[in-house]
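Okay, handing you the structure first.
What follows draws every value from the coordinates through simple rules; no lab data is involved. Just so it is clear, the model here is predicted, and its values are computed rather than measured. Neighbour counts run over all protein chains shown; Cβ positions are idealised from the backbone, glycine included.
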Amino acid sequence: MSTENPAESRPLSESEAEAEARRIIEGLWKSEPTTTMTSYADPEPVPAYGTAEPVRQEDHRIVPAWAAGVAVASIGVGAGITGVGCGVWLVCQGFAAVTLTSVLFVTLPIAAVAAVVVGIGSVVRAVKAAHVTTHHHYSGPVHQQNNTQVTSHGGKWFGRSNTTVNR
């Protein structure tokens with residue numbers, strides 16, 4: 001609006017509105033872009049306020065015990081899982097490198113030591129058996145007694161039986 005008194009608010013006529021629109025559009029084309037400063041560094045030194053020494057400001061942030069515990073536990077679990085993962089990786093690498101020759105080189109010495117131990121054990125047992133002869137002599141009558149007791153408690157579908165054998 002091109003009125004000079006803001007209290008006067010009457011609608012523009014068709015010709016006035018067209019002239020005002022033309023003035024605004026021509027003004028946009030003729031105007032130079034303006035630069036706006038977006039930052040400023042003040043070259044003046046910061047003024048000192050007073051002569052007192054700076055006072056230490058204590059840190060009063062408190063971490064709850066459960067939060068510290070969770071943090072420590074998560075570090076421990078992470079390290080443990082990493083160790084387990086490395087162990088699994090090493091085992092898988094070992095399984096991937098298994099050949100018949102490597103299996104034989106590992107198991108044949110163990111089997112040879114086991115065969116020698118079994119042989120020595122057999123010899124020791126035979127030597128002990130040669131020196132000790134045990135004979136069982138029974139004198140008197142031999143009586144054999146067999147007592148069998150069967151107890152049944154039955155129902156229509158479920159039953160229980162108890163058998164006791166004394167010999």
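With only alpha-carbon pairs counted, each pair once and no self-pairs, how large is the Kirkwood hydrodynamic radius of the chain in angstroms? Before the final figure, lay out the partial values.
Working: mean 1/r = 0.0296 Å⁻¹.
In the chain this quantity evaluates to 33.8 Å.
Which of the listed residues, 157, 21, 54, is farthest toward the dipole's positive end in the chain, when Lys, Arg count +1 and Asp, Glu count -1 at the beta-carbon?
After comparing all options, I get 157.
So if a site counts as exposed when it's one of the chymotrypsin sites (Phe, Trp or Tyr not before Pro), its DSSP state isn't H, G, I, E or B, and it has at most 16 other Cβ atoms within 10 Å, what's the longest stretch of the chain without one? Intermediate values should be presented prior to the final figure.
Details: sites that count: 40, 49, 138, 157, 158.
Between exposed loop sites, the widest span is 50-137.
Restricting to DSSP H runs of at least four residues, report the calculated mean residue ellipticity at 222 nm for the chain, -39500 (n - 2.57) per run over all residues, nearest 500 deg cm²/dmol.
Values: 3 runs with 81 residues, N = 167.
Counting only the DSSP helices, I get -17500 deg cm²/dmol.
Relative to the longest principal axis of the chain, what angle (0 to 90°, nearest 10) does the C-alpha long axis of helix 100-131 take?
30
Given the options 87, 66, 120, identify the residue whose Cα lies farthest towards the positive end of the charge dipole of the chain (+1 on Cβ of Lys, Arg; -1 on Cβ of Asp, Glu).
Toward the positive end, the furthest listed residue is 120.
For the chain, what does the relative contact order come out to in percent, with C-alpha contacts under 8 Å and a separation of six or more? Kindly include the intermediate steps, with their values, before the conclusion.
Numbers: 36 pairs, mean separation 13.9, N = 167.
That works out to 8 percent.
Taking the Cα centre of the chain as origin, work out the dipole magnitude from +1 charges on Lys and Arg Cβ and -1 charges on Asp and Glu Cβ, in debye rounded to 20. Let's see the in-between values first.
On the way: 11 positive and 13 negative charges, 655 e Å.
It works out to roughly 3140 debye.
Under a crude label model (7 Å from the Cα following the beta-carbon direction), how far is residue 25 from residue 73 in nanometres?
Between residue 25 and residue 73, the simple spin-label model gives 7.3 nm.
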